[in-house]
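Just so it is clear, none of the values below were taken in a lab; they were calculated from the coordinates. Just so you know, these numbers come straight off a predicted model, no measurement behind them. Note: ideal-geometry Cβ built from the backbone for every residue, glycine included; neighbour counts use all protein chains shown.
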Amino acid sequence: MMRPSVAARPRMRLPSGGFFFCFAVVLGFFVMYANIRFFSPTLSSHPMDMANAGGGEDDMDVSPGIYHSWKVFKTNYEEMERKLRVFVYPGGHRTPKRLAGKYASEGFFFKNVRESRFVTLDPDHAHLFFLPVSCHKLRGQGLSWEGITNGFGDYVQRLMIKYPYWNRTLGADHFFVTCHEMGMRATEGVPLLVKNSIRVVCSSSYNSGYIPHKDVALPQVRMPFSYPAGGNDTITRRTLGYWAGRTNSNIRSALTTVWSDDDELDIQNSRQNGTRGKHNKFYGAKFCICPGKSEVNSPCIADSIRYGCVPVIMSDYYDLPFNDILDWRKFSVILKEDDVYQLKRILLNISDEDFMALHQNLVKVQRHFMWNTPPMKYDAFHLVMYELWLRHHVIKFAPFEAPDYSNLD
């Protein structure tokens, strides 16, 4: 028996209102899919979307290749967020009123730590103890090097007398933060701070008293940023390399002497030429040269990361911020100071493919060099706290117990 043609088949009629019911169901499925597609951390591809996603194995896709081990970092980071507790000693200094300038990292940390979940009011439950003395603020009050040293030393002595926590580890589970080179020099006059306490400092050069594996390199970030973040703009980057600054170290003097007249490298002595149009230079260069200084880091590295210009780090004695976490060779070029004489040849030998990979990874690490208020997951504050958490694990102490002489004759 032959089947009736399509035209001959009776048409199925929907009940009253059925068309609108089906339309609503289809529309509902579409909206649900759209929400999953754009808001699920497993499908989102933008780094900042992943930054705030809040977990899941797919966090591994946030920044592949820029960590020494993303799995290890993620596991330890989550443990830190659950467990870490910090006791902030009373007195000292409150948050600076103005969170700006090249020493802003110090002020942001003071503010962030008090706004964070890590603070405990019970010192018996603390893993670490924060000494809230701002050397930058003391310097701003006109104190000399000796004045800052004496003020910090007196503060520590009072804590040793009033609280038992310093004495049980000789200060090894205590830390302070300073981004000013004067603060680094001044605290060297307090031997217990240098020998035992964790110093979170921007002056992370080995030849300035910094002790790697004990101290923590604080990223020096000039806040607030004046211009948007750079990224996905390699086509507009036509200058091979750029640097502008003062020639206040041997490496900087050599840099300007050798390359200031080069056609492909834009190297400027800012004392002579000023810094007008500096940020446009960051956007237009493939590589930004970051030569070391005699005592302290500068915001050059953080500026380069912010504006998408691959940093070329030239320093023999410098502990890079978050070096325990980030694989700097995946988003920067690390050279010896003697390489200044072959700088152009080295940069020209970096292929376009390798430069693209460095630039793409650079964009992924930008959020790690941002200070926020309140602090955000994976930002500069949280990575500093993570570095402190790693150091806390090597600190052990045993409560003192008086010997029992009752059995002695």
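In terms of surrounding Cβ atoms within a 10 Å radius of their Cβ, D327, D215 rank from fewest to most as D327, D215.
In debye to the nearest 20, how big a dipole does the range 179-264 give about its Cα centre with +1 on each Lys and Arg Cβ and -1 on each Asp and Glu Cβ?
The calculation lands at about 420 debye.
Can you pull out the chymotrypsin sites (Phe, Trp or Tyr not before Pro) in the range 304-389 that DSSP calls coil and that have at most 14 other Cβ atoms within 10 Å?
Loop-located and lightly packed - Y317.
Computed log10 I(q)/I(0) for the range 169-239 at 0.23, 0.28 Å⁻¹: -0.96, -1.31, from the Debye equation with unit scatterers placed on every C-alpha and solvent omitted. Exposure proxy ranking for F129, F118, based on other Cβ atoms within 10 angstrom of each Cβ and starting from the fewest, stands as F129, F118.
For the pair Q157 and N196 in one chain, pulling the backbone fully straight at 0.36 nm per residue adds 12.6 nm over the alpha carbon distance.
Available extension along the chain between L121 and Y317 is 66.7 nm, counting 0.36 nm per residue and deducting the alpha carbon span. What FRET efficiency comes out for the pair T236/T373, r = Cβ-Cβ distance, R0 = 56 Å, nearest 0.05? It comes out at approximately 0.95.
Could you calculate, for the range 234-370, the ratio of the Cα radius of gyration to the Kirkwood radius, expressed as Rg to Rh?
0.92
Label-to-label distance, S226 versus S253, with points set 7 angstrom from Cα along the beta-carbon direction: 2.9 nm. From least to most packed, judged by other beta carbons within 10 angstrom and beginning with the fewest, W70, W145 follow the order W145, W70.
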